[in-house]
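Below you'll find the structure, written out as structure tokens, and then a few comments.
The values are calculated or read from the model by the stated rules, or taken from the named source; none is laboratory data. These figures come from a predicted structure and were not determined experimentally. Here the Cβ is made from the backbone with ideal geometry for all residues, glycine too, and neighbour counts use every protein chain on show.
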């Protein structure tokens, strides 16, 4: 005799999903009558000038000039060690000390020349590169160096060409045109259209 069919098992009724409560902290909005401070609106606090002794300041200025002469950026110098001034401090020193500002400008120009020399190293690396992706990365590096050079020393390395041209007065009548052509050795005759 065939075995009796079993009735399908009944599934438990699905429970309604209840929203889970978050355990994260809830932030209340600040009352409208309180003015916003640097901490309440998420802005960075204003920069305050760092204090250095005269000897420390002179040493940092000399080190900044040396770093720029070697092609390093101001930001990389300032971010590369404890006890170094922040970028806004050095910028303030530039406005306070004209001699330092002059040295800074010359060091930037010398640093641009160092970066220009680095382009040769990048091209040598590209020649030795094995994979196409390495060549592309080196091309990107070279393009970045060229872009920086065009901004650091636009007169020397910029893309814009300055063209000087001498503009003379445009001839106003036929006899002036014949005279202008004669300057270039071209003989022209006036022809009377009615003849």
So for segment 20-39 (the condition being within 26 Å of the chain's Cα centre (by Cα), outside any helix (DSSP H, G or I) and either modelled with pLDDT under 80 or over 30 Å from residue 119 (Cβ atoms) (or both)), does at least one residue qualify? no
Tally up the residues in segment 48-66 that are part of a loop (DSSP other than H, G, I, E, B) and either under 20 Å from the mean Cα position of the chain (by Cα) or touching a residue at least 40 places away in the same chain (Cβ under 8 Å) (or both), please. 1
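Please determine whether any residue of segment 165-182 is touching a helix residue (DSSP H, G or I) at 6+ places or on another chain (Cβ under 6 Å) and closer than 21 Å to residue 74 by Cα. It would help to see each step written out before you state the result.
Of segment 165-182, the ones touching a helix residue (DSSP H, G or I) at 6+ places or on another chain (Cβ under 6 Å) are 171.
From what's left, closer than 21 Å to residue 74 by Cα: none.
No, that holds for no residue.
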Report every pair of residues separated by at least 6 positions or lying on different chains whose Cβ atoms are under 8 Å apart, first residue within segment 99-113 and on the phi < 0 side of the Ramachandran plot and in contact (Cβ under 8 Å) with a residue 24 or more places away in the chain, second loosely packed, with under 14 Cβ neighbours inside 10 Å and not in a helix (DSSP H, G or I). 111/70
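Within segment 67-90, track down each residue that is in a helix (DSSP H, G or I) and either without any contact (Cβ under 8 Å) to a residue 12 or more places away in the chain or in contact with a helix residue (DSSP H, G or I) (Cβ under 7 Å, 6 or more places away or on another chain) (or both). Spell out how you get there, then give the answer.
Applying the first criterion (in a helix (DSSP H, G or I)) to segment 67-90 yields 67-69, 74-78, 87-90.
Result: 67, 68, 69, 74, 75, 76, 77, 78, 87, 90.
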Kindly provide the set of residues from segment 92-108 that are surrounded by 14 or more Cβ atoms within 10 Å (Cβ to Cβ) and part of a helix (DSSP H, G or I), ordered by number. 92, 93, 94, 100, 103, 104, 107, 108
Top-ranked residue of segment 148-179 - restricted to ones that are surrounded by 10 or more Cβ atoms within 10 Å (Cβ to Cβ) and over 18 Å from residue 68 (Cβ atoms), ranked as nearest to the chain's Cα centre (by Cα): 158
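Per-residue answers, yes or no, for (1) touching a strand residue (DSSP E or B) at 6+ places or on another chain (Cβ under 7 Å); (2) over 20 Å from residue 72 (Cα atoms); (3) in contact (Cβ under 8 Å) with a residue 12 or more places away in the chain:
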| residue | (1), (2), (3) |
| --- | --- |
| 115 | no, no, yes |
| 128 | no, yes, no |
| 144 | no, no, no |
| 147 | no, no, no |
| 155 | no, yes, no |
| 188 | no, yes, no |
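Can you tell me which residue among 114, 135 is part of a helix (DSSP H, G or I), at pLDDT below 95 and farther than 23 Å from residue 155 by Cα? Full working, then the answer.
Working: 114 fails: farther than 23 Å from residue 155 by Cα.
Step by step, each of 114, 135 is checked, and only 135 is part of a helix (DSSP H, G or I), at pLDDT below 95 and farther than 23 Å from residue 155 by Cα.
Looking only at segment 139-195, which residues are within 30 Å of residue 117 (Cα to Cα) and assigned to a loop (DSSP other than H, G, I, E, B)? Break it down stepwise before answering.
In the first step, residues of segment 139-195 are kept if they are within 30 Å of residue 117 (Cα to Cα); the result is 139-164.
Residues satisfying the conditions are 153, 158, 159, 160, 161, 162, 163, 164.
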